[in-house]
Amino acid sequence: MAMPWKPKYTISDKLLLTTREIGESLGEIRSFNLSDQELAGLELDARELSSYASTSIEGNPLPLTDVKRLLKTRKEAIRDTEREVLNYNRTLQSLYAEVRSGKFKLSVKTVEKTQGQVVDGLMDNPAHCGALRKAPAIIRNPKKADEVVFIPPDSKNVRGLLSDLLKFIQHNIGKIDPIILAGIFHRQCVIIHPFIDGNGRTTRLLTTAILGEAGLDLFEIFSFENYYNRNITRYFKAVGLVGDYYEMAEQIDFSEWLEYFADGILDELRRVRKTLPTQSTRKPRMEPHHQQILDYIEAHGSITQREYGHISSRSLASRKLDFDKLVKLNLIEAKGTGRGTYYVAAS
């Protein structure tokens, strides 16, 4: 019986520190209590950036301004460069929805479906769309076409290698940090090179989904692809191999790549944090019952516990906590004492 696939990596002090900083960054962003509308805005920004950066990595010449315009106008693609961007954006939206609804299932079929969406309308041979490759692949130097950089696994081994990778990911969700799991998937999928075309885009899309599926909340609001696109040469060097897969398979070490992968996520979370208002200017998020109090005061000038009880179904204890919170936020202030206490807008 074959042993299950197990990647080789070391959790270095650097990786440990970066994952901790990622957790702190996520906590700081959560502390803003962003509204659904604000989160939707951050998600849109991230999708625009990801759709631009991930296709740019593969050589798409469209600038970010054109990509944003294309995604906002929702026009049908006329050129392949536009279709490539639209395909990426639509697939990213689809994966977001599946992860949020709990319908995302990591399988070979899912990987094939994702690649099919990525290259839809872009391949001369439809047989290569949404199907694992059945032909050999060679990775050449884009600047020197006659220079072979990497020879991926034989096509006959692709399904088995991909299945082993997916089993490892599925088995370790909840057991291994989401950053490490997604990072391992990313590099190993690139190494396997399961398709004739669309490998990089497919891998980056599914990496995002795995981050969310494995438990990294707010996975929709940052674009690690942006980090890679700023130095594509470094990205390719970090994620890929040089030589023949079969000569290196037993020695592949993910340690340095995981440090780089985590750096990209932290860098992006810091970028997102800079787009948020400062502590002194941000407005606290109001729950409906808190807003109900503020609206009543605006309409009537003041509100008492009894009046709040008439317009709210919340318990007495909860109503007292609601007033306490708004007082602490310096949005209202108490007047009077005892049963004569009433609340007005803070001056």
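Coordinate-derived values only; no laboratory data. Small disclaimer: the values here were computed from a predicted structure and weren't measured. Backbone-built Cβ (ideal geometry, glycine too); neighbour counts: all protein chains shown.
For this structure, a couple of remarks:
- Mean Cα-pair separation over length for region 13-275, i.e. relative contact order, pairs under 8 Å, 6 or more apart, %: 26 percent
- Toward the positive end of the charge dipole of the chain, with +1 on the Cβ of Lys and Arg and -1 on the Cβ of Asp and Glu, the farthest Cα among H186, P153, L211 is that of L211.
- Rule-of-thumb Rg ratio for region 191-347 [Cα; 2.2 N^0.38 Å; N residues]: 1.79
- In this structure, the amide hydrogen of I332, modeled 1.01 Å from its nitrogen in the peptide plane, lies closer than 5 angstrom to those of V327, A346, counting only residues at least 5 positions away or on a different chain.
- Ellipticity at 222 nm from helices only: DSSP H runs of n ≥ 4 in the chain, each -39500 (n - 2.57), divided by the residue count, give -18500 deg cm²/dmol.
- Qualifying GluC sites (Glu not before Pro) for region 61-134 [loop in DSSP, other Cβ within 10 Å: at most 15]: E76
- Its Cα centre serving as origin, the chain has a Cβ charge dipole (Lys and Arg +1, Asp and Glu -1) of approximately 700 debye.
- Considering only beta bridges that DSSP places wholly inside the chain, some 65 percent are antiparallel.
- Relative contact order (%) - region 288-345, alpha-carbon pairs under 8 angstrom, separation at least six: 40 percent
- Ordered by the count of other Cβ atoms within 10 Å of each Cβ, fewest first, S318, S51 give S318, S51.
- Of the trypsin sites (Lys or Arg not before Pro) in region 167-205, those whose Cβ has at most 12 other Cβ within 10 Å and which sit in DSSP loop: K175
- In terms of other Cβ atoms within 10 Å, L92, L70, L17 run from fewest to most in the order L17, L70, L92.
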